[in-house]
Amino acid sequence: MWLGACRRWKSEAIVKRRRIKPARTFQPLQIFKIQASFSPDDPNGLTDDAFYQFWFAALERIQQFKEKELAQRKTRLNKFNMAHRKTLPVFRKMLRNKLSPEVAAQKVKLLVPDEGLLQEIFDVWQKSCKTTPEQVAKSKEDIARREVELAKSGRLLKARESFQQILEMLAKEVEEDSAEGAEALADIAFQATCFLQIGEKKKPELFRHAARATQFWSVIANNETDWQKEALQRVGALELGEGLPEFRVRFRKARGTDANLPARLWAKAAVRTIEETQLRILSFGSIIRDFGSHQALADFCMETGWQIGEQPEWVHEVSRLKKFSRESLPSWKLAVRKLIREQMPDFQMRPEWSNQRNTAAASGRETPGEIKNAILDDITSALERLVPDSDLPKSDC
């Protein structure tokens, strides 16, 4: 009696423990920005660690969603196959008139209590009664193909996850100034690039399809004098990024050095800032789609501590800008002026604009607003000279 009471108490305690949900823990807030930072001193240095840390964290969670979905699909398929095997003898007896349809239906319901699964079984048999032997064979092939695809997807997802974990571990080692970590990371990158290069030679069409859908491709550098030429030819043959919208326009070639022409340097930096911001906006939109809803993304951000920063007014304008060209130039000029004013309110005091300040002082037009407008006029004039050659009107001669 005492032993029975102990067992009941233990059972109740286990049930109670299971019902207690662990409190959700929230990470300290980490703010990321959709807009890129305007940096005329380093026009190509647009990497924002916070945004891309968020992006990678979101991709990792999306990967987990895909793994969960894949596991659910596998479980559902296994349950269907088991239910199909259980009910197969009943349906066979019904088809041979050894059981009435009503009795067969009752037996099948007892064998498959899951209503959704039961409906799938009935649908399959209903279709099979109307199909030819050839269609039945094709259906079996389709089921076998789905099983193979699921198994392959599972292996690829596990491989991606494992590789991601290895890279994150090595990146952490590098952050802690580990020479061994840096060497290991370089070695893995080299090995991966070797396999990539071998794959390019064996399956060029397969890798061309992959290359057209990305902006980046790994190459192997060596101490040969012409390795860059060979690498460029190989990547060119892959049509890298041809299937993607063009986010980084090729500026028109101009004379002179950018370092001696601050207006041109600032114009280029502004274009790159806008392009990077447009890319982030699209990337953020794709993350929302992969999460399935704004609420799912909001839950992820609350759980992991991410928060989107305030967006300045110019971000709303650049999201509607078309590709940098002769036709879109007026809109780009307005956006660049607004971008610089909002990102660097006192930009007229920078040392590279000393000539403009001196000219303004000599002409008696030295208020901050007048100096800013003069500088922005120079920048937008330089912007006009950067429009790609392909967008310039062709001569009739």
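The values are calculated or read from the model by the stated rules, or taken from the named source; none is laboratory data. The model shown is predicted, which means the values in this text are computed figures rather than measured ones. With ideal geometry, Cβ positions are generated from the backbone for all residues, glycine too; neighbour counts draw on all protein chains shown.
Assorted remarks:
- Residue in the stretch 208-217 that is surrounded by 10 or more Cβ atoms within 10 Å (Cβ to Cβ), outside the structural domain of Gln53 (by TED's automatic domain parsing), small (Gly, Ala, Ser) and not in a helix (DSSP H, G or I) present: yes
- Of all residues in the stretch 233-242, exactly one satisfies the criterion of being under 26 Å from the mean Cα position of the chain (by Cα), exposed (fewer than 12 other Cβ atoms within 10 Å of the Cβ) and modelled with pLDDT of 80 or more, namely Gly236.
- Count of residues meeting criterion [in a helix (DSSP H, G or I) and surrounded by 10 or more Cβ atoms within 10 Å (Cβ to Cβ)] in the stretch 170-184: 10
- Per this entry, Leu170 is counted among residues that are assigned by TED's automatic domain parsing to the domain that holds Glu67 and modelled with pLDDT of 85 or more.
- Ile375 meets each of the listed conditions (1) free of Cβ contacts under 8 Å to residues at least 60 places away in the same chain; (2) among the hydrophobic types (A, V, I, L, M, F, W, C); (3) surrounded by 15 or more Cβ atoms within 10 Å (Cβ to Cβ) apart from (1).
- Residue in the stretch 242-252 that is over 28 Å from Gln63 (Cα atoms) and either without any contact (Cβ under 8 Å) to a residue 12 or more places away in the chain or among the hydrophobic types (A, V, I, L, M, F, W, C) (or both) present: yes
- Among helices (runs of 4 or more DSSP H) entirely within the stretch 1-116, having at least 2 residues that are within 19 Å of the chain's Cα centre (by Cα) and modelled with pLDDT of 85 or more singles out 49-95.
- When the stretch 320-358 is filtered for residues that are among the aromatic types (Phe, Trp, Tyr) and part of a helix (DSSP H, G or I), the ones remaining, listed by number, are Trp332, Phe347, Trp353.
- Among the residues making up the stretch 104-118, those that are of a type in the set (D, E, K, R) and in contact (Cβ under 8 Å) with a residue 12 or more places away in the chain are Lys107, Asp114.
- Within the stretch 320-355, the set of residues being small (Gly, Ala, Ser) and crowded, with 16+ Cβ neighbours inside 10 Å comprises Ala335 only.
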